[in-house]
Amino acid sequence: MWDYSDKVKEYFFNPKNAGVLEAANAVGEVGAISCGDALKLMMSIDPDTDTITAAKFQTFGCGSAIASSSALTELITGKTLEDALRITNQDIADFLGGLPPEKMHCSVMGYEALQAAIANYRGEEWADDHEEGALVCKCFGVDEGMIERAVRVNKLTTVEQVTNYTKAGGGCLTCFETIEEVLARVNATMVGESLIAAEEAYKAGSTDKYALKIKTRAKTAVPEPAVVSGQMDRTLPPAAVQSPRPEAPAGRQMTTLKRIRLIETAIDGMRSTLRADGGDCELIDVDGDHVYVKLSGACTGCQLASVTINGMRQKLVEATGLALRVLPVS
Amino acid sequence: MRPVYLDNNATTRVDPDVVQAMLPFFTDHFGNPSSIHAFGASVGAAVKTARRQLQALIGAEFDHEVVFTSGGTESDNAAILSALEVMPDRTEIVTSAVEHPAVLSLCADLEKRRGITVHRIPVDRHGRLDLEAYRAALSSRVAIVSIMWANNETGTIFPVAELAELAKEAGALFHTDAVQAVGKLPIDLRSTAIDMLSLSGHKLHAPKGIGALYVKRGVRFRSQIKGGHQERARRAGTENTPGIVGLGKAAELAMKFMDDENTRVKTLRDRLEKGLLQAIPNAFVTGDPRERLPNTANIAFEYIEGEGMLLLLNREGIACSSGSACTSGSLEPSHVLRAMDIPYTAAHGAIRFSFSRDNCEDDVDRVLEVMPGIVEKLRELSPFWAGVGEAPKTFNPVYA
């Protein structure tokens with residue numbers, strides 16, 4: 001179960017301002033059923049004073065999505081449009097006593113709905129204003145503009161945080177590189193504006209996409225304490241997924257020569273172990289992913305030769321980062 | 001108010017008789033079964049008894065075909081990794097799109113890091129395996145087929161005996177993750193071509209942290225955990241003797257309650273399903289209507305999201321689970337329901353009620369009493385809900 005604050009629970013179990021507002025003259029609809037989140041915000045705005053006199057919502061989504069929507073209506077009622085436009089997703093999360101990091105996107109949805117509703121009232125096309133960038137995450141329909149804004153407002157510095165705030169990259173992860181680019185670019189600008197320190201800025205290539213994928217699939221529900229209080233504490237030690245990639249070279253970009261040299265070095269490294277047992281081995285050929293080796297000395301005819309070959313394969317795979325098969329030849 | 005526990009596919013309560021059987025093995029009979037002295041010998045005998053109890057439950061021909069492990073995940077990993085090692089000239093795996101992560105994550109990892117080809121056989125809208133695709137995927141390149149006996153989310157049962165015969169023809173090993181089936185369905189392994197089977201203790205009223213892997217006699221097996229000679233060198237490490245004794249006792253009890261599971265428990269499940277579908281519009285049962293576990297009901301309530309239902313049910317003291325995105329920690333709805341092509345409008349609102357012999361009529365009454373109100377409350381909040389018999393509201397959000 002998620003670690004929801006008491007206020008989130010209160011606003012979920014007894015949501016305020018739920019339902020249809022008949023007299024609405026401003027409506028904002030965001031989210032999509034495919035994402036599991038959708039919010040319809042209805043507001044009644046006094047045209048003389050530009051003040052929000054009433055707000056109601058309808059939400060399809062989890063407990064925190066419903067609580068965030070309800071919190072939003074409480075936050076904006078009685079405010080002028082000008083003041084309402086200053087509300088950020090962080091204000092919604094703060095109002096609720098914080099949200100688990102994986103649920104921050106619920107507060108972003110509230111922010112988006114408010115922007116959309118005010119644009120609707122003013123007769124503007126909010127979508128145009130919003131879709132200034134290309135669609136980045138196709139799984140959850142998140143575009144560049146949304147990621148940029150989330151990064152900026154919340155001072156995000158990791159791909160994981162971007163996923164938690166916007167959902168981008170929470171699905172197939174094919175947009176991973178694009179998220180990295182946007183994050184690195186926006187962070188660089190933020191460093192220029194002294195919003196974040198240079199060492200905090202995201203460096204492209206510093207996240208292991210595969211580790212991230214595992215993480216998004218089987219995420220622990222333990223929120224970082226600093227986030228619950230509503231502020232991303234960037235002094236926290238970076239999570240495992242943010243640690244720089246190990247030195248394993250990327251297989252696909254390697255030239256054949258480099259691959260063979262790498263395999264050769266790895267096998268040379270193993271020979272000392274084999275020699276200690278009175279055996280030896282020799283690299284005969286490399287054909288694609290197949291590595292042909294010749295076992296000699298005590299290894300010849302040893303019943304454990306297949307174990308040795310297997311061990312060699314594991315060591316080779318580890319050392320080179322390539323999916324190799326080791327085949328003995330006589 | 002007595003809490004209502006309907007999440008038995010997640011885990012079960014340890015049977016008090018199982019606890020009683022285990023207790024002496026923490027204190028009086030604490031010996032190491034490998035020891036030569038009396039302390040060890042009595043424990044060794046108890047492990048043997050447990051092995052025979054489990055052998056009887058799964059209908060294995062020999063008791064030594066049972067290898068005790070730490071649970072379902074370890075057994076799944078051991079079976080698949082062993083098969084790849086004993087058949088190095090075969091580099092493909094056949095599995096289904098709806099397996100438990102214990103199998104699917106491992107396969108994805110092997111695909112990525114070892115260049116293994118993985119065939120994930122799709123299912124139809126009722127969760128039934130595409131047999132054509134299965135046949136087509138089998139070849140002399142396949143080292144192992146790993147297909148679950150019954151699905152944990154929908155309860156759909158796969159025809160594993162038949163699938164094992166086909167795998168055998170292709171010369172591949174056949175493993176089945178039977179974590180949800182053992183104890184709920186009669187199993188007689190000696191009459192099948194199944195080579196390996198994984199089971200887990202805590203799904204059948206034994207404790208967590210104990211499980212077993214069945215390895216048919218004659219099937220070549222390579223241990224993944226190296227160390228001592230325990231479990232005939234197929235699973236090193238000092239035996240979890242209290243756990244093993246508990247699993248043995250649980251197996252014995254499971255045989256005793258097998259009829260109950262397939263009659264009384266099934267009736268409870270059916271009454272819940274029928275009652276919910278009668279009281280709540282726009283709801284349907286997922287999974288194979290015919291071949292399904294007797295204890296599992298997976299019901300999709302359209303236009304609302306699962307987490308809200310779970311939170312409201314939890315407040316009423318009712319525990320069950322959901323295939324919705326929000327509860328699992330991932331952002332996508334259940335891979336099982338998506339593989340069945342259940343629309344998003346329903347997949348997010350799927351709730352699994354899973355029974356066991358611990359449940360009674362009152363439990364069903366309680367759910368039937370509160371569930372209609374919960375669904376109604378959330379539907380009133382939903383921008384998609386337009387009322388009974390109405391098409392969903394046209395709702396074109398900005399990002400749709």
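The values are calculated or read from the model by the stated rules, or taken from the named source; none is laboratory data. Source: prediction; values computed, not measured. Don't worry about glycine lacking a Cβ; one is built from the backbone with ideal geometry, like all the others, and counts go over all protein chains shown.
Listed here are the residues, each with its yes/no results for (1) surrounded by fewer than 17 Cβ atoms within 10 Å (Cβ to Cβ); (2) in contact with a Gly (Cβ under 9 Å, 6 or more places away or on another chain); (3) of a type in the set (Phe, Trp, Tyr).
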| site | (1), (2), (3) |
| --- | --- |
| B:2 | yes, yes, no |
| B:5 | no, no, yes |
| B:8 | no, no, no |
| B:26 | yes, no, yes |
| B:37 | yes, yes, no |
| B:43 | no, yes, no |
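Among the residues in segment B:233-245, are any part of a helix (DSSP H, G or I), closer than 21 Å to residue B:185 by Cβ, among the small types (Gly, Ala, Ser) and touching a residue at least 40 places away in the same chain (Cβ under 8 Å)? The answer is no, given that none of the residues of segment B:233-245 is part of a helix (DSSP H, G or I), closer than 21 Å to residue B:185 by Cβ, among the small types (Gly, Ala, Ser) and touching a residue at least 40 places away in the same chain (Cβ under 8 Å).
For segment B:24-46, the condition holds for at least one residue, the condition being that it is assigned to a helix (DSSP H, G or I) and among the aromatic types (Phe, Trp, Tyr). On the basis of being within 11 Å of chain A (Cβ to nearest Cβ) and under 16 Å from residue B:176 (Cα atoms), does residue B:84 make the cut? In short, yes. Kindly establish whether residue B:271 is among the basic types (Lys, Arg), over 21 Å from the mean Cα position of the chain (by Cα) and buried (at least 23 other Cβ atoms within 10 Å of the Cβ). It is false that residue B:271 is among the basic types (Lys, Arg), over 21 Å from the mean Cα position of the chain (by Cα) and buried (at least 23 other Cβ atoms within 10 Å of the Cβ).
Within segment B:253-267, the set of residues being crowded, with 20+ Cβ neighbours inside 10 Å and either free of Cβ contacts under 8 Å to residues at least 12 places away in the same chain or not hydrophobic (A, V, I, L, M, F, W, C) (or both) comprises B:261 only.
Residues checked against (1) touching a residue at least 40 places away in the same chain (Cβ under 8 Å); (2) surrounded by fewer than 17 Cβ atoms within 10 Å (Cβ to Cβ); (3) among the charged types (D, E, K, R); (4) not in a helix (DSSP H, G or I):
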{"residue": "B:64", "(1), (2), (3), (4)": "yes, yes, no, no"}
{"residue": "B:76", "(1), (2), (3), (4)": "yes, no, yes, no"}
{"residue": "B:111", "(1), (2), (3), (4)": "no, yes, yes, no"}
{"residue": "B:126", "(1), (2), (3), (4)": "yes, yes, no, yes"}
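Residue B:181 meets each of the listed conditions (1) over 25 Å from residue B:87 (Cα atoms); (2) touching a Gly at 6+ places or on another chain (Cβ under 7 Å) apart from (2). Condition check for residue A:86 on (1) buried (at least 19 other Cβ atoms within 10 Å of the Cβ); (2) assigned to a loop (DSSP other than H, G, I, E, B): one failure, at (1). Of (1) in contact (Cβ under 8 Å) with a residue 12 or more places away in the chain; (2) within 14 Å of chain A (Cβ to nearest Cβ), residue B:57 satisfies all except one. Which? Evaluating residue B:57 over (1) in contact (Cβ under 8 Å) with a residue 12 or more places away in the chain; (2) within 14 Å of chain A (Cβ to nearest Cβ) leaves (2) as the failure. Applying the set (1) part of a loop (DSSP other than H, G, I, E, B); (2) touching a helix residue (DSSP H, G or I) at 6+ places or on another chain (Cβ under 6 Å) to residue B:228 leaves exactly one unmet item: (2). For segment B:22-51, the tally of residues that are under 20 Å from residue B:66 (Cα atoms) and in contact (Cβ under 8 Å) with a residue 24 or more places away in the chain stands at 10.
Listed conditions (1) small (Gly, Ala, Ser); (2) facing another protein chain (nearest Cβ under 10 Å); (3) within 28 Å of the chain's Cα centre (by Cα); (4) at negative phi are all met by residue A:107, apart from (2). For segment A:50-72, the set of residues classified as within 30 Å of residue B:333 (Cβ to Cβ) and surrounded by fewer than 24 Cβ atoms within 10 Å (Cβ to Cβ) consists of A:56 only. Which residues, taken from segment A:260-287, are closer than 18 Å to residue A:305 by Cβ, touching a residue at least 40 places away in the same chain (Cβ under 8 Å), in a helix (DSSP H, G or I) and of a type in the set (Val, Ile, Thr)? A:267 - this is the single residue of segment A:260-287 that is closer than 18 Å to residue A:305 by Cβ, touching a residue at least 40 places away in the same chain (Cβ under 8 Å), in a helix (DSSP H, G or I) and of a type in the set (Val, Ile, Thr). Against the test of being under 25 Å from residue A:148 (Cβ atoms) and either in the same structural domain as residue A:178 (by TED's automatic domain parsing) or of a type in the set (Ser, Thr, Tyr) (or both), the options A:80, A:88, A:51 yield a single qualifying residue, A:88.
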